[in-house]
Amino acid sequence: MATTTASLNTASPTEGKTLARATAALLFLETLLMIAPIVILGAAINWPASLDEPASVVLPLIVAQSGAVRLGYFLYLLYSVLFWPIALLVVRSVAGRSTPGLLLQLATGFGVASAVLRTLGIIRWLFPMPLLAQSYV
C-alpha cells in the first residue's frame, strides 16, 4: 500500500490529465453500454416489461429472438464488468495525488461489489436461459 501511495503522490499533472481523460472515456462508453441493452432487449422481447409475463409467453420470444437476446445480455454483462475499473479510476481521479479517504475507499468497495454481483446475475441470462427456453419450446 505504501508503494501505491508513493506513486500517487508523485504523479505528474500530465498523468493526472491522462487519467481523467481515460476515466471520462470509460464513463462515456459505460453510458452507451447502459442504453444499448434496454434498446435491444426492449425491441426483441419487450424487456423489462416481459419480466412480469409468464414463462409461456417469454420463453418462445427468447428462442425466436435469440440473437438479439444474446447481444443485449452480452452488452449488459460488458457494462456490468466495466463497473470494476470505473470504480477504481473514478476514485483515483477524485483523490488526485492524495490517499483516498474512507468514503472513497467505501465507494470503491461498493463499485467492485456491484460489478461482481451484477456479473454473476447476468451470466445466468447469457448461458442457461437460452438453453432452458429452447427446451421449453
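Grab the DSSP H runs of the chain that are 4 residues or longer, score each as -39,500 (n - 2.57), total them, divide by all residues and round the 222 nm result to the nearest 500 deg cm²/dmol.
Rounded to the nearest 500, it is -27500 deg cm²/dmol.
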Problem set entry | Cβ charges +1 (Lys, Arg) and -1 (Asp, Glu), total dipole of region 2-136, debye | 380 debye
Exercise. Taking the chain as a Gaussian network, where each spring joins two C-alpha atoms under 10 Å apart, which residue of Val57, Val116, Val39 fluctuates the most?
Worked result: Val57
Exercise. Between Leu88, Leu102, Leu33, which gets the highest mean-square fluctuation from a Gaussian network model of the chain, Cα cutoff 10 Å?
Worked result: Leu102
For this session: Taking every Cα atom in region 2-136, find the radius of gyration and the maximum pairwise distance Dmax, and write them in Å.
Result: 19.3, 60
Seminar exercise, completed: When the chain is treated as a Gaussian network with springs between alpha carbons less than 10 Å apart, the largest mean-square fluctuation among Ser98, Ser66, Ser114 is found at Ser98
Exercise. Mean separation of Cα pairs under 8 Å and 6+ residues apart, divided by the residue count of the chain: what relative contact order is that in percent?
Worked result: 32 percent
Exercise. Taking all pairs of different Cα atoms in region 38-94, averaging 1/r and flipping that mean, what Kirkwood radius in angstroms comes out?
Worked result: 12.8 Å
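Rule-based calculations on the coordinates, nothing more; no lab input. Predicted model only: the values in this text are computed from it and were never measured. Positions of Cβ are generated from backbone atoms using ideal geometry, with glycine treated the same way; all protein chains shown enter the neighbour counts.
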